[in-house]
Each structure stands twice: as C-alpha cells, then as structure tokens.
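Read through the structure below, which is laid out as structure tokens, and then see the notes.
The values are calculated or read from the model by the stated rules, or taken from the named source; none is laboratory data. No experiment lies behind these values; they were computed from the predicted model shown. Cβ: placed from backbone, ideal geometry, glycine included. Neighbour counts: every protein chain shown.
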Amino acid sequence: MKDKSLPVISLGKVLVVDDSEALLVNYGKILGKAGIETLTTSSPQTALSILENEKIDAVISDVMMPEMDGISLLREIHIRQPDIPVLIVTGHPSVETAMESIECGVFRYMSKPVNWEKLVDCVKKAVCLRQIARLNRDAANYLAEESLSEEERKNLEVKIETAVANMWMAYHPIVDATKRCASAYEALVRTKGDIFPNPGVLFQSAELLKSTDILGRAIRKLVASTIEQSGYKGDIFINLHPRDLLDESLYSNESPLAPFANRIVLEITERAAIETSSNLLSKVDVLRKIGYRIAIDDLGAGYAGLNYFALLKPDVVKIDMTLIRGIDRDPVKRKIVKSLISLSRELGIMVVAEGIETTGERDTLIEMGCNLLQ
C-alpha cells in the first residue's frame, strides 16, 4: 500500500555546521521531521560559500572546529548577512565563548547534548525572524518604488540628469599636523544651481529611482579628470555609496580612476558594508588588487563598525566626529579614541580624525598621537 501521507512543507532552510558527521545526520533527521529543510557541512569555509549561493534562513554552528572556530564563523556570517540568526551549540560551554557570542550578535547560545525539542523551537523562531526581516526589506523597496507617480518619477529623472550635468567636486583637506600642510584631500559632491538643496537630497532622490550608479560613475569621472588636469600627485579620498560596491564598472580596468588607483582611498561606511555584506570581503580584495586602498569611515559610531574594522583590515580608518566633538572635555571619549589610535598603530593602519572644530580638540588629538586631522 502506497504512503498517502501529505508531504512535509518546508518551514525554512537552515544551514548546520559541525565537525561531527553523526551529529549532522541527526540535525538533518530531526529538523526535517519538523518541516525545516537542512543543509549540512563540516567545513566553515564551505558554509560561507553556501550562504552566498543559497537562501538560508538560519545557521546552527558548533564552536570547536579545526578549520575555523564557531565564533569566528559567526563574525564572518554577520559581515555577509547581518540579519541572519545564528545559533551556537557547543559541547564545551564557557562564560568566555558565551560573552563573545553575545557581542557578535548570536541568536541563541546552547550546550550539548542537544535538547532537540528546545532546539527545534528556537530554530522555528529564528526562521520566522529572518523571514520577517526579508518582508520588511521587500515592503520598503516596494513602497519606495510606489511612492512616486509616473509624472513625478520623470520630473525627478530630469532633475537628477541636470544635477549630474552641473555637478562639481570640492576637495576638503586632510591636514598633517606635524608638517602643517595638507597630506590628502577628500572629494565632496557639489551641484550648481538650486535643483537640490544639498548633495544629501540628490543622493536620496537617486536612491528612489535606483540610479545611484549614475552618480557614482559621474563622481569617479570628475575626480579622475581633476587629477589628470591638475597633475596632483597626492592621495584622494572618495566616499562610496552602498550601491557603488554593486556597480561592476568600479572594478573595471577601464574605469576613469583605474590609472590613479594607487593614489585613491575608497571610503566604505558601515551602511555600505552591511548592505553589500554577502560578498563584501571578495569585493574589497578585487579593489585592492587594482591598487585602491580602503578606508572605513565613521569608525566608532557603532559596534558593527568595529566589527568591520577587525575583518576588513583597512588601510585607513576615519574616527567618527561624534567621538571627536568635545574630546578635550570628555575623558571617556579620550580613552576610547586613544585605544582606537593605539590599536590602529599596532596594525599599521593610518588614522584620520574627522570633524575637528576647536583648538582644544586639535591639541588633544595631537597629544594622543593622531596627526591627520580633517
């Protein structure tokens, strides 16, 4: 007699990483019975590859594995996909690994032997949260697209085209306090006329139309033209919009900036890192091979920024102005910034302090060993 039972409907797809093959089999059986599709691997590196190619709703990982420990894997996963829930399940629980897991944003920290009923319940909750996060993003994209009428969209397109045609770059100096001269410049977007009140509104409008790549290409062309015409031989810092990292022209040897790549520092914000996290590290590797250097902007603005600092190993870090403002009067800020400067120096990373407005802030930073000021 044929089995007439209904097929199990998948309630989500979970990736399990553990160096015990027997345990991987058990995960597959038990989660499968609960209607959860399961992919398993004993290799953390393979797990990262699976994440790039599969629509995974949650990850379960062991801690002690020969290729890469579970905490390091958790960090790598959240660099690529910050909102994916990760459950750590370990046979050697400790306060240290529990705290590290919490700091890295673990969804649940559980010990072996596995309480399967509790695990299944946690996985179902994790999958739900992941799917809610996806729905939120989809809804936001839909509403952004639907918020403009066809006429408004066409009018905005014309405004953006006009702004791009009249766009120019201002160059803000990064001063070397020891030499008392500019050691580099940051390229900042400016537009002629009053089509947009400021560059921020221009970029927001381009985001609505998903045309930020047009701005990015225009900016890179203008900067390259300035370098070529001026003969400037120093470094130029250029901010990357999150979607610039998705633009293939940035990685082309035919890019206007490519001939000057060894003089270009590309600033990546925390937002850019998050929004392109699925293959951020590989993209940065490509940019470095071309000759660009990488800066992390707004360092210290949040924990995630520090996490990217550790993983991206930037050539330059720019300390966020919220930490700089009033640093001469705030001992906590001084302690934090001094630690950032010390750590960066040990790793051979150049430090730039942003947003200096007073002589007190300037002098305090110089005393702490930060000589590049903006």
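Quick one: would you say Leu39 is in contact with a helix residue (DSSP H, G or I) (Cβ under 9 Å, 6 or more places away or on another chain), under 24 Å from Glu117 (Cβ atoms) and either surrounded by fewer than 21 Cβ atoms within 10 Å (Cβ to Cβ) or among the aromatic types (Phe, Trp, Tyr) (or both)? The answer is yes for Leu39.
Residues in the stretch 118-133 that are in contact with a Gly (Cβ under 9 Å, 6 or more places away or on another chain) and either free of Cβ contacts under 8 Å to residues at least 60 places away in the same chain or under 14 Å from Asp83 (Cα atoms) (or both): 5 in all.
Counted as qualifying within the stretch 1-108 are the helices (runs of 4 or more DSSP H) with 1 or more residues that are closer than 30 Å to Leu312 by Cα and within 29 Å of the chain's Cα centre (by Cα), namely 44-53, 70-80, 95-103.
Can you tell which of Ala163, Ala126, Ala133, Ala144 is modelled with pLDDT of 90 or more and hydrophobic (A, V, I, L, M, F, W, C)?
Numbers: Ala126 fails: modelled with pLDDT of 90 or more; Ala133 fails: modelled with pLDDT of 90 or more; Ala144 fails: modelled with pLDDT of 90 or more.
That would be Ala163, the only listed residue that is modelled with pLDDT of 90 or more and hydrophobic (A, V, I, L, M, F, W, C).
The set of residues in the stretch 229-261 being buried (at least 18 other Cβ atoms within 10 Å of the Cβ) and either of a type in the set (Val, Ile, Thr) or in contact with a Gly (Cβ under 8 Å, 6 or more places away or on another chain) (or both) consists of Ile236, Ile238, Leu240, His241, Arg243, Asp244, Asp247, Leu250. Of the numbered criteria (1) over 25 Å from Val317 (Cβ atoms); (2) at pLDDT below 85, the one Ser252 fails is (2).
Inspect all residues belonging to the stretch 80-96 and state whether any of them is hydroxyl-bearing (Ser, Thr, Tyr), surrounded by 13 or more Cβ atoms within 10 Å (Cβ to Cβ) and either modelled with pLDDT under 85 or more than 30 Å from Phe196 (Cβ to Cβ) (or both). Scanning the stretch 80-96, I find at least one residue that is hydroxyl-bearing (Ser, Thr, Tyr), surrounded by 13 or more Cβ atoms within 10 Å (Cβ to Cβ) and either modelled with pLDDT under 85 or more than 30 Å from Phe196 (Cβ to Cβ) (or both), so the answer is yes. Between a first residue in the stretch 1-24 that is farther than 26 Å from Ile88 by Cα and a second residue that is at pLDDT below 50 and in a loop (DSSP other than H, G, I, E, B), which pairs have beta carbons less than 9 Å apart while being 6 or more apart in sequence or on different chains? Listed pairs, sorted by first residue: none to list. Residues in the stretch 191-209 that are in contact (Cβ under 8 Å) with a residue 12 or more places away in the chain and farther than 23 Å from Val316 by Cβ: Thr191, Lys192, Gly193, Ile195, Phe196, Leu202, Ser205, Ala206, Glu207, Leu208, Leu209. Looking at the stretch 192-210, is at least one residue outside any loop (DSSP other than H, G, I, E, B), assigned by TED's automatic domain parsing to the domain that holds Thr269, among the charged types (D, E, K, R) and at pLDDT 90 or above? Looking for residues that are outside any loop (DSSP other than H, G, I, E, B), assigned by TED's automatic domain parsing to the domain that holds Thr269, among the charged types (D, E, K, R) and at pLDDT 90 or above, one finds none in the stretch 192-210, hence no.
Of all the residues in the stretch 164-190, those that are surrounded by 13 or more Cβ atoms within 10 Å (Cβ to Cβ), touching a residue at least 60 places away in the same chain (Cβ under 8 Å) and of a type in the set (Ser, Thr, Tyr) number 2. Going by what's in this entry, would Leu188 be described as over 24 Å from Val351 (Cβ atoms) and of a type outside the set (D, E, K, R)? No; evaluated as a whole, the condition is false for this residue.
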